[in-house]
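> Shown below is the structure under consideration.
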Amino acid sequence: DIVKTDGKIIYFSPKPLREIQPLSPGEEMLPAPGQPSRIVPPQQSVQKEAETNVIKAFPPQDLNLESKVDKSGDLLLYNNMLLVFSEQEITGYDVSDPKSPAKKWNIKLEDRTSIVTTRLDKDKIYLVTKTTINLSEPSPIKLLTLNGTPLNIDYYEIYHPTVTVPVDITFSVFTLDPYSGETTGKVSFVGSS
């Protein structure tokens, strides 16, 4: 979700925006090979990083932007912890003081790893990732890094069928501690994209 609330504070995380900006002098846009020339105003598309807004919403007459968090993405709110799931990272913020959110931990996903989904159930956060298989990569497979410490998986830890089947993805499921970002209960299995 891009919006979460605790009943008093609203956390709103808009998607990153693309802005059109003029090209620098001397830069020009050339037509694609085989395409006719056309006049195009000099411009370029630049992605602007979005932030998560922390908005005081109650009482309504005091509606106010309290602060901002420097990341945007899908959100999970657990007690006083706000988790922001960006494209290649997960960041945990302590929002017990909405005027001053404090970054507590950060997980960086490796290049070939992406988030499939996350769920909050009975005080546990479940994180499902997928990693593209690269057979030339030696074991272990690098999945993510928490505050500089890598989390890897060895090939022998990955569940797979006993018969030969075409696979190109390794799915991994973890339990994620919202307060520390620590992962436990790692299970991995092969699949197909």
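> Evaluate segment 146-164: report whether one residue or more is closer than 27 Å to residue 2 by Cα, part of a strand (DSSP E or B) and under 16 Å from the mean Cα position of the chain (by Cα).
yes
> Continuing with this model, one more query. Just wondering, is there one or more residues in segment 103-121 that are in a strand (DSSP E or B), modelled with pLDDT under 90 and not acidic (Asp, Glu)?
Checked against the condition, which is being in a strand (DSSP E or B), modelled with pLDDT under 90 and not acidic (Asp, Glu), segment 103-121 yields at least one hit.
> Which members of segment 165-177 meet the condition of being open to solvent by 50 Å² or more (accessible area, probe 1.4 Å) and not hydrophobic (A, V, I, L, M, F, W, C)?
166, 168, 177
> Across segment 73-126, what is the number of residues that are over 24 Å from residue 141 (Cβ atoms), open to solvent by less than 30 Å² (accessible area, probe 1.4 Å) and free of Cβ contacts under 8 Å to residues at least 60 places away in the same chain?
The qualifying residues number 1.
> A follow-up question, please. Count, please, the residues in segment 142-164 that happen to be within 25 Å of residue 105 (Cα to Cα) and surrounded by 12 or more Cβ atoms within 10 Å (Cβ to Cβ).
Going through segment 142-164 one residue at a time, the tally reaches 10.
> Being in contact (Cβ under 8 Å) with a residue 40 or more places away in the chain, assigned to a loop (DSSP other than H, G, I, E, B), surrounded by 14 or more Cβ atoms within 10 Å (Cβ to Cβ) and at negative phi, is that true of even one residue in segment 132-141?
yes
> Give all pairs with beta carbons closer than 8 Å in which a residue from segment 146-170 that is modelled with pLDDT under 90 and β-branched (Val, Ile, Thr) meets a residue that is surrounded by 15 or more Cβ atoms within 10 Å (Cβ to Cβ) and not in a strand (DSSP E or B); count only pairs at least 6 apart in sequence or on separate chains.
Note: pairs meeting the criteria are 167/133.
> Follow-up question, since we're still on this one. What are the residues in segment 179-193 that are farther than 15 Å from residue 117 by Cβ and either among the β-branched types (Val, Ile, Thr) or open to solvent by less than 10 Å² (accessible area, probe 1.4 Å) (or both), if any?
Hits for segment 179-193 are 181, 183, 184, 188, 190.
The values are calculated or read from the model by the stated rules, or taken from the named source; none is laboratory data. Only a predicted model underlies this, so the values are computations on that prediction, with no experimental measurement involved. Neighbour counts run over all protein chains shown; Cβ positions are idealised from the backbone, glycine included. Each accessible area value is taken on the protein alone, full model and side chains, heavy atoms only, with ligands, DNA and RNA left out. Shrake-Rupley method; radii C 1.70, N 1.55, O 1.52, S 1.80 Å.
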